[in-house]
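Participant: Sharing a structure here in structure tokens format.
The values are calculated or read from the model by the stated rules, or taken from the named source; none is laboratory data. Owing to the predicted nature of the structure, the values given are computational and were not obtained by experimental measurement. Backbone-built Cβ (ideal geometry, glycine too); neighbour counts: all protein chains shown. Accessible surface is based on the protein model in full, side chains and every heavy atom, while ligands, DNA and RNA are left aside. Shrake-Rupley method; radii C 1.70, N 1.55, O 1.52, S 1.80 Å.
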Amino acid sequence: MLAIIQEPNADLLLRRAAHHIGEQVRDVLARRGSANIAVPGGRSVAKIFQMLRQEKVDWSRVHFFVIDERLVPLDHPDSNYQLLKDHFIVPLAKEGAISSENAHPFIVDPAVPDRGARAYEAVLADHGFRFDIILLSSGEDGHVGALFPGHHSVRDAHHGFIVMDDSPKPPAERMSSSLSLMLTAEIGVLLFVGEAKREAFAKFNDPAIPATDCPAKLVIGMKDATVFTDLE
């Protein structure tokens, strides 16, 4: 089931997205002992993190993974994990609402060919090797995570985490959840925020364009998917 929420006020839109995620987390926790959420980076996502802290959720039962990551140290300003840590985990941990151990970073290991991807899969395996909820933010070309249109990343059949050294969007070296791993999520939340995303949103709404040319379309295959956009 796909729903599209359109709200021209970007701040209100992100607040509605945060509340929706909060509702979905509460629903998953009511059915299961814990929940796995996979998140990307970006300015809009940082705002959602800030708003999500206000949701009444038992965060101690929620585990966070990064959808994708630049192959940089954890404390690097470009790290998606650092964004999650600064805008969500640290503030809630100070309140005693969550343990810092509930946020699982991708740790780059330059000594192995997969840069640490198999090790990150082992961490996810300890939590069921699935995502319950996935938050995605579309790029201007329709990419999500580090799955890019017409690129081998979106066609990679590996079920887990993949790495690349030829990302079409700098930096070239990135890690990403594979397409099949993203599709383990039963709940998807997808953002198209800002005028720069208009072409991507048009591709998303064009039934003639396959997911290989607009990876954001992967959410259509989920049990419950909601698109939030400030575009008309």
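Participant: Out of curiosity, is K85 without any contact (Cβ under 8 Å) to a residue 40 or more places away in the chain, closer than 22 Å to Q24 by Cα and among the charged types (D, E, K, R)?
Facilitator: For K85, the condition - without any contact (Cβ under 8 Å) to a residue 40 or more places away in the chain, closer than 22 Å to Q24 by Cα and among the charged types (D, E, K, R) - is met.
Participant: Kindly establish whether I107 is under 23 Å from A35 (Cβ atoms), assigned to a loop (DSSP other than H, G, I, E, B) and either of a type in the set (D, E, K, R) or modelled with pLDDT of 95 or more (or both).
Facilitator: Yes; evaluated as a whole, the condition is true for this residue.
Participant: How many residues does the range 110-129 hold that are surrounded by fewer than 15 Cβ atoms within 10 Å (Cβ to Cβ) and basic (K, R)?
Facilitator: Residues flagged as surrounded by fewer than 15 Cβ atoms within 10 Å (Cβ to Cβ) and basic (K, R) within the range 110-129 amount to 1.
Participant: Here are the criteria: (1) in contact with a strand residue (DSSP E or B) (Cβ under 9 Å, 6 or more places away or on another chain); (2) at pLDDT below 95. Tell me which single one D75 does not satisfy.
Facilitator: (1)
Participant: Kindly indicate which of D132, D141 is touching a residue at least 12 places away in the same chain (Cβ under 8 Å) and open to solvent by 10 Å² or more (accessible area, probe 1.4 Å).
Facilitator: Exactly one residue qualifies, and that residue is D141.
Participant: Still on this model: Do we have any residue at all in the range 94-109 that's aromatic (F, W, Y), touching a Pro at 6+ places or on another chain (Cβ under 9 Å) and under 25 Å from L183 (Cβ atoms)? Break it down stepwise before answering.
Facilitator: So the first thing to find is which residues in the range 94-109 are aromatic (F, W, Y), and the list is 106.
From what's left, touching a Pro at 6+ places or on another chain (Cβ under 9 Å): none.
Checked against the condition, which is being aromatic (F, W, Y), touching a Pro at 6+ places or on another chain (Cβ under 9 Å) and under 25 Å from L183 (Cβ atoms), the range 94-109 yields no hits at all.
Participant: Quick one: in the range 144-176, of everything that is closer than 14 Å to P40 by Cβ and among the basic types (K, R), which residue is least open to solvent (accessible area, probe 1.4 Å)?
Facilitator: Filtering the range 144-176 for residues that are closer than 14 Å to P40 by Cβ and among the basic types (K, R), the one least open to solvent (accessible area, probe 1.4 Å) comes out as R174.
Participant: While we're here: Residues that are β-branched (V, I, T) and over 17 Å from E69 (Cα atoms): which strands (runs of 3 or more DSSP E) entirely in the range 151-232 hold 1 or more of them?
Facilitator: 187-192, 224-229
Participant: In the range 54-103, how many are crowded, with 19+ Cβ neighbours inside 10 Å and part of a loop (DSSP other than H, G, I, E, B)?
Facilitator: 5
Participant: Consider only pairs whose beta carbons are under 6 Å apart and that are at least six residues apart or on different chains; among these, list those whose first residue lies in the range 172-183 and is over 14 Å from L135 (Cα atoms) and whose second residue is part of a loop (DSSP other than H, G, I, E, B) and among the hydrophobic types (A, V, I, L, M, F, W, C).
Facilitator: Every condition considered, the pairs that remain are E173/L71; R174/A146; M175/F106.
Participant: Okay, moving on. Answer yes or no as to whether L179 is at pLDDT 95 or above, open to solvent by less than 60 Å² (accessible area, probe 1.4 Å), under 29 Å from N9 (Cβ atoms) and touching a Leu at 6+ places or on another chain (Cβ under 7 Å).
Facilitator: The answer is no for L179.
Participant: Considering only residues that are modelled with pLDDT of 95 or more, surrounded by fewer than 22 Cβ atoms within 10 Å (Cβ to Cβ) and in contact with a strand residue (DSSP E or B) (Cβ under 8 Å, 6 or more places away or on another chain), which ones fall in the range 25-42?
Facilitator: V28, L29, S34, listed by residue number.
Participant: Just to be sure, is I220 under 26 Å from A17 (Cα atoms), crowded, with 23+ Cβ neighbours inside 10 Å and touching a residue at least 12 places away in the same chain (Cβ under 8 Å)?
Facilitator: Against the criterion (under 26 Å from A17 (Cα atoms), crowded, with 23+ Cβ neighbours inside 10 Å and touching a residue at least 12 places away in the same chain (Cβ under 8 Å)), I220 does not qualify.
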